[in-house]
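Remarks on the structure that follows.
The values are calculated or read from the model by the stated rules, or taken from the named source; none is laboratory data. Keep in mind that what you see is a predicted model, and the values were worked out from it rather than measured. Don't worry about glycine lacking a Cβ; one is built from the backbone with ideal geometry, like all the others, and counts go over all protein chains shown. For the accessible areas, the whole protein counts, side chains as well, though only heavy atoms, and no ligand, DNA or RNA atoms are used. Shrake-Rupley method; radii C 1.70, N 1.55, O 1.52, S 1.80 Å.
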Amino acid sequence: MDSIELTAIILGVAALAVICIFLYYVPFFLWISARVSGVHISLIQLVLMRIRKVPASTIVRAMIEAHKAGLSDVTRDDLEAHYLAGGDVEKVVHALVSAAKANIDLGFKMATAIDLAGRDVFQAVQMSVNPKVIDTPPVTAVAKDGIQLIAKARVTVRANIRQLVGGAGEDTVLARVGEGIVSSIGSSESHKQVLENPDSISKLVLRKGLDSGTAFEILSIDIADIDIGKNIGAALQIDQAQADKNIAQAKAEERRAMAIALEQEMKAKAQEARAKVIEAEAELPKAMAEAFHSGNLGIMDYYRMKNVQADTDMRQNIANPTFDNPVK
């Protein structure tokens, strides 16, 4: 291979590299596609998008879709600014086209605000056209007669475009519906009334305006199923009776303990008195000996005292006879 052929190969490779770089920074075919679709955008703007690291193909496709749908308020600068802010350009344009076809009042600023707020604006538009049905988890409530009811409801909601930014989500709607069901069942005099007219729950809950401040508009609340649970009133009465019984037993045990303590105290006092009597009786012979010695007590006085004591014992035996040896 001579030097001329080598030079030609080098020049060819260099030219191919230059063409690739040119086509990367100057998306000529993308510009032709935009022009053919009726979108007016300069080639210089496409080059500047490459420099600003904005995907020119995404912006151009969005502009073509908006132009074909007749959206005149969508401009290149707005789409590029939304992309640089972290938004989803294609989803916003899809939502705007769907809203225009469904006669939903949705502007570009509102759509981009919803998208930047973290909500799916295209899904919100679809939900505005086709309402969504949300199944609530089982809600447990107790009627005034003490019977527990377990209700399940289906909530039909439609997205409220104006409330998507700053509005509460599905969890708040479900929580409010559950609260309304509990309040409605709790205000019923009997669980039979709820079972006979389950639509009364739906009407009462709908009148409360549960969708206020949320991103949805509640269209209907339908009670799908109601099951009977436990007899909470009877269970509470049983628990109360058991508690009263335990309290009464505790008080009786307390009185019994106090009676036992009092009895022990009385026995102790009796033993103490008996000990004093025994002690006094032990001193009696000494006192009598002292009386004999001092002359205060004579022998006749002593016998007279013994006779009185014997007479007293006999009278006590007659008053309290024993039957150990019955008369035959």
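Any idea which of 212, 202, 183, 187 is open to solvent by 60 Å² or more (accessible area, probe 1.4 Å), among the hydroxyl-bearing types (Ser, Thr, Tyr) and over 30 Å from residue 103 (Cα atoms)? Being open to solvent by 60 Å² or more (accessible area, probe 1.4 Å), among the hydroxyl-bearing types (Ser, Thr, Tyr) and over 30 Å from residue 103 (Cα atoms) holds for just one of 212, 202, 183, 187, which is 187.
Within the stretch 135-166, the set of residues being surrounded by fewer than 16 Cβ atoms within 10 Å (Cβ to Cβ) and closer than 24 Å to residue 91 by Cα comprises 162, 165, 166. Scanning for something at pLDDT below 85 and either assigned to a loop (DSSP other than H, G, I, E, B) or surrounded by 17 or more Cβ atoms within 10 Å (Cβ to Cβ) (or both), does the stretch 1-11 turn up at least one residue? Within the stretch 1-11 (the criterion being at pLDDT below 85 and either assigned to a loop (DSSP other than H, G, I, E, B) or surrounded by 17 or more Cβ atoms within 10 Å (Cβ to Cβ) (or both)), the answer is yes, since at least one residue qualifies. If only residues of the stretch 163-178 that are touching a residue at least 12 places away in the same chain (Cβ under 8 Å) and assigned to a helix (DSSP H, G or I) are counted, the one that is nearest to residue 124 (Cα to Cα) is 163.
Just to be sure, is residue 124 buried (at least 19 other Cβ atoms within 10 Å of the Cβ) and within 18 Å of residue 228 (Cα to Cα)? No; evaluated as a whole, the condition is false for this residue. Residue 279 fulfils the conditions (1) of a type in the set (Asp, Glu); (2) open to solvent by 90 Å² or more (accessible area, probe 1.4 Å); (3) modelled with pLDDT of 85 or more except for a single criterion, (3).
Would a scan of the stretch 254-268 turn up a residue that is more than 60 Å from the chain's Cα centre (by Cα), part of a helix (DSSP H, G or I) and aliphatic (A, V, I, L, M)? Within the stretch 254-268, one or more residues are more than 60 Å from the chain's Cα centre (by Cα), part of a helix (DSSP H, G or I) and aliphatic (A, V, I, L, M).
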